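Some notes on the structure that comes next.
The values are calculated or read from the model by the stated rules, or taken from the named source; none is laboratory data. All values reported here derive from a predicted model rather than from experimental measurement. Cβ atoms come from the backbone with ideal geometry, glycine included; neighbour counts cover every protein chain shown. The protein model used for the area step is the full one, side chains on, heavy atoms only, and it has no ligands, DNA or RNA in it. Shrake-Rupley method; radii C 1.70, N 1.55, O 1.52, S 1.80 Å.
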Amino acid sequence: MAGINPIWLLVAVALAIMNVFMAKSMREYLLASLLLLLSCVVGMILNTYYYYYFISSDFETPIVGAFVVMVYGILVLVLTGVGAVILAIKNRQKNNFSK
């Protein structure tokens with residue numbers, strides 16, 4: 001699919017990393033990560049839909065689109081897990097130093 005640009009993968013990674021450093025609580029972090037996951041999945045579904053109906057209606061377009069959605073989703077979920085661990089360690093260290 002020529003419509004998929006790898007820059008969006010880098011943007012998703014950058015947003016996930018920024019989310020770790022900007023979140024004030026775990027609840028805020030998980031909500032922002034869920035929104036990032038949702039936006040990646042919806043964006044790739046819309047991109048696949050547009051590509052299939054307006055550019056090329058090849059039979060493999062939905063399959064490739066589903067694969068890309070899974071890749072983006074797995075990447076964002078892995079980054080969310082790593083970020084949650086980093087945020088938990090950061091919050092624990094902040095609580096230990098404040099006592």
Relative to the longest principal Cα axis of the chain, at what angle does helix 7-22 sit, 0 to 90 degrees, rounded to 10?
-> 20 degrees
Values of log10 I(q)/I(0), in the order q = 0.22, 0.26, 0.27 Å⁻¹, for the stretch 39-81 under a Debye, Cα-only, solvent-free model | -0.66, -0.82, -0.86
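Using the Cα atoms of the chain to build a convex hull, what is its mean projected area in square nanometres? Each step should come with its number before you reach the end.
Numbers: hull surface 24.8 nm².
For the Cα atoms of the chain, the hull's average projected area reads 6.2 nm².
Can you give me the % of accessible surface on the chain that is carbon or sulfur? Probe 1.4 Å, all protein chains present, nothing else counted.
Values: 5190 of 7000 Å².
Here carbon and sulfur together make up 74 percent of the probe-accessible area.
So what is the relative contact order of the chain, in percent, for Cα pairs below 8 Å that sit 6 or more residues apart? Before the final figure, lay out each step's value.
Numbers: 65 pairs, mean separation 38.0, N = 99.
With pairs under 8 Å counted, the relative contact order is 38 percent.
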Using 0.36 nm per residue, how much length does the chain from TYR50 to ILE89 gain when fully extended, once their Cα-Cα distance is taken away?
-> 9.8 nm
Using 7 Å Cα-to-Cβ label points, what is the MET70/MET26 separation (nm, one decimal)?
-> 3.1 nm
Using only Cα atoms, tell me the angle between helix 61-98 and the longest principal axis of the chain; keep it within 0 to 90° and round to the nearest 10.
-> 10 degrees
Over the chain: helical MRE at 222 nm, DSSP H runs n ≥ 4 each giving -39500 (n - 2.57), nearest 500 | -28500 deg cm²/dmol
